[in-house]
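Undergrad: This is the structure, below, for whatever I ask next.
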Amino acid sequence: MAYPGKRDDMVVHEQDPYNAETAPEVLAASAVTPVDAFYSRNHGPVPELDPATWRLEVDGLVGTPTSFTLKDLRRDFEQHELTATMQCAGNRRAGLAAVAPIPGEALWDVGTIGTARWAGARLADVLAAVGVADGATDVVMDASDVSQQPVPPETYGSSIPVHKALRPEVLLAWQMNDAPLTAAHGAPVRVVVPGYVGARSVKWVRRVTLQDHPSEHYFQATAYRVLPPSADAAAAGPGDGISLGPWSLTSAILVPADGDRPAPGRTRVRGYALAPEHRSVERVDVSVDGGATWAAAVLEHHGPWAWTTWHLDVDLAAGHHEVVARAWDDSATVQPSDPASLWNPKGYANSSWPRVAVDVRG
Ligand SMILES: Nc1nc2c(c(=O)[nH]1)N[C@H]1C(S)=C(S)[C@@H](COP(=O)(O)O)O[C@H]1N2
Ligand SMILES: [Mo]
């Protein structure tokens, strides 16, 4: 069933709450992902908030606790625009689930990612207006949606370190692709934290609190953490595992799709690569023989906070081919080849080489 404001070619993993990813060929069609094709990751029902009565409370370790209306934010702060990629920590989880089962989590393929032109106020400007008090280390963002996943149910929320919150790329966004944010993507205002896993880009934000420790919200303290392979995910508690903040070097092959049966001859392999915070994608190698030989793809950069899209034309003879890619960044780091080396009980941060198998018709 289609969801309001979303195309019907979304790959839906859950209807209620709505959780859907973009089909690979749709993602490959443009550097900026259309809003109606952008992935949706929800932990509770989507709230419909009235922009006229919405308030953003800023409190905690600040000089002057302040309540802002949307009008206040638009009037008192300069609007900044930024093309930035958002990616769920669970993107490419299916590749980890192929190593060993990951029960209870959506088996996302390569489409829990998208790039948008965001516009809004800098969180740094708002924090400067209220004053950051000594001792503040973390900025907690609390939202209006209630998730039934934690026991007892609680509002969605997470936090980022103060040093990240003060960076110019972090926005309180009210626009996505030159239009007002839609309800599904956090209207009237969401946080956008480029370079960090999507879980930190809090939608329907209603309160920003500065404190001397990270958020105690379930989705910060317990979920979105990388547990050791031997851990029992169901028994994990607050503070267990590595908290996911900045994402790692990754890439995906979007076209051809796994199992495609192209005609023999010239085929264009297309995909994306994403560098960690403050890094850039410098090279993407593509192999059509399972990694025996490689050629460098053509890169298209879209700004410091956006993915790099890439393509390579290859000649494929009839028969079976395993297409593999690997991205390199400006620290000469390359993605790890083996998903087994990254496997973790909740299936986060699969940054291993993407692989698709195609059978070229004879
Ligand atoms: N309030 C709220 N914010 C949230 C979430 C949520 O469920 N509730 N999901 C987070 C996760 S895990 C991701 S990946 C992104 C997804 O944003 P999108 O649905 O706009 O693509 O929002 C984040 N912000
Ligand atoms: Mo996510």
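Undergrad: Could you rank the peptides 313-323, 164-174 by their average count of other C-beta atoms within 10 Å per residue, with the highest value first?
TA: 164-174, 313-323
Undergrad: Right, another one. If only Cα atoms are counted, what is the Rg of the stretch 182-322, and what is its Dmax, in Å?
TA: Both quantities, over Cα of the stretch 182-322: 20.1, 61 Å.
Undergrad: Using a 1.4 Å probe on the protein heavy atoms only, what accessible surface does His301 show? Give it in Å² to the nearest 10.
TA: 110 Å²
Undergrad: If one computes the Cα centroid of the stretch 229-249 and of the stretch 75-154, what distance in Å separates the two points?
TA: 16 Å
Undergrad: In nm, to one decimal, how far is the modelled label at Val11 from the one at Asp315, with both set 7 Å along Cα→Cβ?
TA: About 3.2 nm, to one decimal.
Undergrad: Modelled label-to-label distance, Ala29 and Ala257, 7 Å Cα→beta-carbon offset: nm?
TA: That separation, rounded to one decimal, is 1.3 nm.
Undergrad: Quick one: Debye curve from the alpha-carbon atoms of the stretch 11-243 only, equal weights, vacuum; give me log10 I(q)/I(0) at q = 0.09, 0.12 Å⁻¹ to two decimals.
TA: Reported log10 I(q)/I(0), two decimals: -0.36, -0.66.
Undergrad: Past the 18 angstrom mark, what percentage of all C-alpha to C-alpha distances in the stretch 120-233 do you count?
TA: Distances greater than 18 Å cover 51 percent of the Cα pairs.
Undergrad: Please report the accessible area of Arg261 (heavy atoms, 1.4 Å probe, ligands and nucleic acids excluded) in Å², nearest 10.
TA: Number for this one is 140 Å².
Undergrad: I would also like to ask the following. Run the count for the chain, please: Lys pairs, Cα-Cα under 25 angstrom, 8 or more apart or on different chains.
TA: Lysine pair count for the chain: 4.
Undergrad: Could you give the Stokes-Einstein D for the stretch 202-278 in µm² per second, using the C-alpha Kirkwood radius, 20 °C, 1.002 mPa s?
TA: Rounded to a whole number, D works out at 128 µm²/s.
Undergrad: Provide the per residue accessible area, probe 1.4 Å, for the stretch 248-298, rounded to a whole number of square angstrom.
TA: Per-residue value: 44 Å².
Undergrad: Right, next: Can you give me the distance in nm between label points at Ala235 and Asp359, each placed 7 Å from the Cα along the Cα-to-Cβ direction?
TA: 4.4 nm
Undergrad: Give, rounded to the nearest 20 debye, the magnitude of the charge dipole that the stretch 250-360 has about its Cα centre when Lys and Arg contribute +1 at Cβ and Asp and Glu contribute -1 at Cβ.
TA: Charge dipole, the stretch 250-360, about its Cα centre: 180 debye, nearest 20.
Undergrad: Got a number for the accessible area of Glu57? Probe 1.4 Å, square angstrom, nearest 10.
TA: Spelled out: Glu57, probe radius 1.4 Å, area about 60 Å².
The values are calculated or read from the model by the stated rules, or taken from the named source; none is laboratory data. These figures come from a predicted structure and were not determined experimentally. No Cβ is skipped: glycine too gets one built from the backbone with ideal geometry, and neighbour counts run over all protein chains shown. Accessible surface is based on the protein model in full, side chains and every heavy atom, while ligands, DNA and RNA are left aside. Shrake-Rupley method; radii C 1.70, N 1.55, O 1.52, S 1.80 Å.
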